[in-house]
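The values are calculated or read from the model by the stated rules, or taken from the named source; none is laboratory data. Here the structure is a predicted model, which is why all the values come from computation and not from measurement. Cβ: placed from backbone, ideal geometry, glycine included. Neighbour counts: every protein chain shown. Note: areas computed on protein heavy atoms with side chains; ligands, DNA, RNA excluded. Shrake-Rupley method; radii C 1.70, N 1.55, O 1.52, S 1.80 Å.
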Amino acid sequence: MGIISNRTPVLLLTGFGGQERALELAEPGTVVVHHDLSGLREGLVVRSEATVRPDGTAEERVALLELAHGCVSCTLREDLLPLLRTLHRRASVRRIVVRLDPILEADAVRHAIEHVIVEMVGAVPGPAARDVEVTGTIGFVDGATWLDDTLGEEELGERFSVPDDDERTVAQLAVGHAQSADALVVSGDSPDPARLRAVLRRLAPGAPTVRERVPLDRLVPRLGAPRPPIEPFGPLLPGCPPLDPDGDVRLIEFSARRPLHPGRFHEAIDVLLDGVVHARGRMWLATRSDEAFWLECAGAGLRVGAAGRWLAAGGDGSPERWAMASAVWDEAYGDRRTDLVVLTAGADPTRIAETLRWAELTPDELAAGPGEWARWHDPFGAMHADPCEDLAAPASANAADTEIDEEMS
């Protein structure tokens, strides 16, 4: 018997286009919420709230908000989260659809809903998740431009209104939208639909992917449980994506038991910035024996940052993390190792593997030991971003697959 919840279901819509179709989901009792951030540079946010009445007509309310503290996250935290708790208290509300502005990431919004404490009059302090439950994320993909976006170098501020300190790229956001989605809707005509399908299957494995002609209310019942976010010490290939190549699209797994030379690896990472849709993984840098580093890149945008201590260096870990580590534990170095996953679309996989292997310590360097390693120059510091001068805090086959092939072909 399933658990009955009295929390109001919330559906997130994300992507660079297509979210206006949210009203397709607006059956009586649905509220569609949208924060328009296009006026960000003027310090204004427009919030719309469309409520569907029992007769099927919609009542829309629009509010103009000032940008709290000049911060997008603060504005949404202080407006969206209390609004979700308020809507839950309306007896007429059966479902909430949150149509996210293109510059917002679903994982970040979901994390805020589940963890950020909301204090409001007449309610017990706590996260919005006390009252609402994110039941899924639908991502919208522009078939005509998405692949070019994911392989490009365009900064987010060149296309959208963003804060001056937002240094994300379009590629990072495009990849993030698709990767976090529990279902994908492809709009427009792709110049290479087979290649697009191959990339999406590996980036968001298991997510039903349909053409724009499919009504969204038919897609919602196919949503499974929301996919968990990628964790630095969790599985790097969740969802069992296809590992066999499809044209020039393929997943490359790279593992190294010897640490990486920081100088050589700094040179080697350029191989991940051309013809690569996405790469992620944890690394063991020779100059940082106690702390793991996390790498994530999309297109020409890359971030490397500290991920926490290795278990062998006293780090905390869940039972699942200990189980994964014990399977590969080394008597001398414990769970220290490098594991990367690279999704390519045009890059030479042999060149990537050979270049990354070149960054690994040689046997002689390994024998020199940590005392010698600590003397080497470390270009990464606590955090690294590419381009090097642009340092900023990191942004933090089934039945469905058969239908995907038919609908996207």
Query raised in the report: Can you name every residue in segment 109-127 that is at pLDDT 90 or above and surrounded by fewer than 18 Cβ atoms within 10 Å (Cβ to Cβ)?
Result: H111, E114, H115, V116, I117, P125, G126
Query raised in the report: Within segment 128-148, can you find the residues that are more than 21 Å from the chain's Cα centre (by Cα) and open to solvent by 30 Å² or more (accessible area, probe 1.4 Å)?
Result: R130, A144
Query raised in the report: Of (1) crowded, with 21+ Cβ neighbours inside 10 Å; (2) outside the structural domain of P363 (by the TED database), W310 satisfies all except one. Which?
Result: (2)
Query raised in the report: If we only count strands (runs of 3 or more DSSP E) wholly inside segment 31-137, which ones have 3 or more residues that are hydrophobic (A, V, I, L, M, F, W, C) and over 23 Å from D166 (Cβ atoms)?
Result: 58-66
Query raised in the report: All but one of (1) farther than 29 Å from W146 by Cα; (2) surrounded by 16 or more Cβ atoms within 10 Å (Cβ to Cβ) hold for E60; which doesn't?
Result: (2)
Query raised in the report: What number of residues within segment 272-283 satisfy the criterion of being farther than 19 Å from L237 by Cβ and either more than 22 Å from the chain's Cα centre (by Cα) or in a strand (DSSP E or B) (or both)?
Result: 0
Query raised in the report: Condition test on A106, is it surrounded by fewer than 19 Cβ atoms within 10 Å (Cβ to Cβ) and in the same structural domain as T209 (by the TED database)?
Result: no
Query raised in the report: When the residues of segment 361-380 are filtered to those that are surrounded by 11 or more Cβ atoms within 10 Å (Cβ to Cβ) and closer than 12 Å to G263 by Cα, which remaining residue is modelled with the lowest pLDDT?
Result: F380
Requested in this report: Sort out which residues of segment 337-360 are open to solvent by 30 Å² or more (accessible area, probe 1.4 Å) and part of a loop (DSSP other than H, G, I, E, B), and write them in order of number.
Outcome: R337, G346, D348
Query raised in the report: Looking only at strands (runs of 3 or more DSSP E) that fall completely inside segment 149-267, which ones have 3 or more residues that are over 19 Å from T137 (Cα atoms), open to solvent by 50 Å² or more (accessible area, probe 1.4 Å) and assigned by the TED database to the domain that holds L25?
Result: none
